[in-house]
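Undergrad: What follows is a single structure, and I will ask about it in a moment.
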Amino acid sequence: IRTMPGRTVVDQQPPLPFSWKPGAAAIIFAESFAGSGPLHGSTPASQGGTGTEQWRAPRDGWQRDPEQDAVTVTQAGSAFLPFRPQRGFLYRLSITTTTPHDQPAAVGLGFTPTADPNQLDIDFAWSHDSSTSPSGSSAAGTGGSVTRTVILDTSLAEWRLFSLANNRLVGQSVLPRQARQIRYLAIAVSAGIPVHLQSLSLDIQQLSRPR
């Protein structure tokens, strides 16, 4: 809702092109980024979350920060958790990040076949930096707290990716067949440092009928 002189304007969000039902979803990963020490080699479960796969991340500059109750990123790079999607599902990957209000953040979120902590491109992703999202969509980052979400739909012959910022749809794309080689979920940070990673989740929902 926006207030303008003499009237109020309601910004209507168009219907989302997918049906996500939280009650029908199961958790694959839930990561609070709490605790201390390097993110690399730790697991979501080690901090009371869900998921025993180990993070692959830069060994320096990606630290669990107990003062921020987050992972503080001070070095550009990427972090990965092993993940292999199956056909016939919706997958929802979300992360909340915080940066100073006066600087944008270039944070990518998505999926990739390979895991190199030094890479800044994610093969199938949405990012606030268009240069790091060749297969997704982009939007300008403005700093502050942002929840980024990507929905991966593997129910059709052509897999699709939907991108949301603070629960508003900002883009969608049809993925190439190479998306079937996805082996990791990925977070990439290339600018706006320091960035605080506050929470991450990956949920799965099986569709109620074939599509």
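The values are calculated or read from the model by the stated rules, or taken from the named source; none is laboratory data. Here the structure is a predicted model, which means the values were calculated and not measured. Methodologically, a virtual Cβ is constructed for each residue, glycine included, from the backbone with ideal geometry; neighbour enumeration extends over all protein chains shown. In case anyone asks, the SASA skips ligands and DNA or RNA and just uses the protein heavy atoms, side chains included. Shrake-Rupley method; radii C 1.70, N 1.55, O 1.52, S 1.80 Å.
Undergrad: With a cut-off of at least 2 residues that are modelled with pLDDT of 70 or more, name the strands (runs of 3 or more DSSP E) lying wholly within the range 1-46.
TA: 25-31
Undergrad: Give the number of residues within the range 172-193 that are farther than 16 Å from L120 by Cα, open to solvent by 50 Å² or more (accessible area, probe 1.4 Å) and either outside any strand (DSSP E or B) or in contact with a Gly (Cβ under 7 Å, 6 or more places away or on another chain) (or both).
TA: Qualifying residue count, the range 172-193: 6.
Undergrad: Within the range 26-71, take every residue that is open to solvent by 20 Å² or more (accessible area, probe 1.4 Å) and among the β-branched types (V, I, T) and give me the one that is farthest from the chain's Cα centre (by Cα).
TA: Checking each candidate, the answer is T52.
Undergrad: Same structure again: Identify, please: which residue in the range 143-167 is touching a Gly at 6+ places or on another chain (Cβ under 6 Å) and of a type in the set (S, T, Y) and is, among those, surrounded by the most Cβ atoms within 10 Å (Cβ to Cβ)?
TA: Checked the range 143-167; the qualifying residue surrounded by the most Cβ atoms within 10 Å (Cβ to Cβ) is S163.
Undergrad: Hey, another quick one. Taking the conditions exactly as written (farther than 22 Å from Q172 by Cβ, modelled with pLDDT under 95 and in contact with a His (Cβ under 7 Å, 6 or more places away or on another chain)), does Q68 satisfy them or not?
TA: In short, yes.
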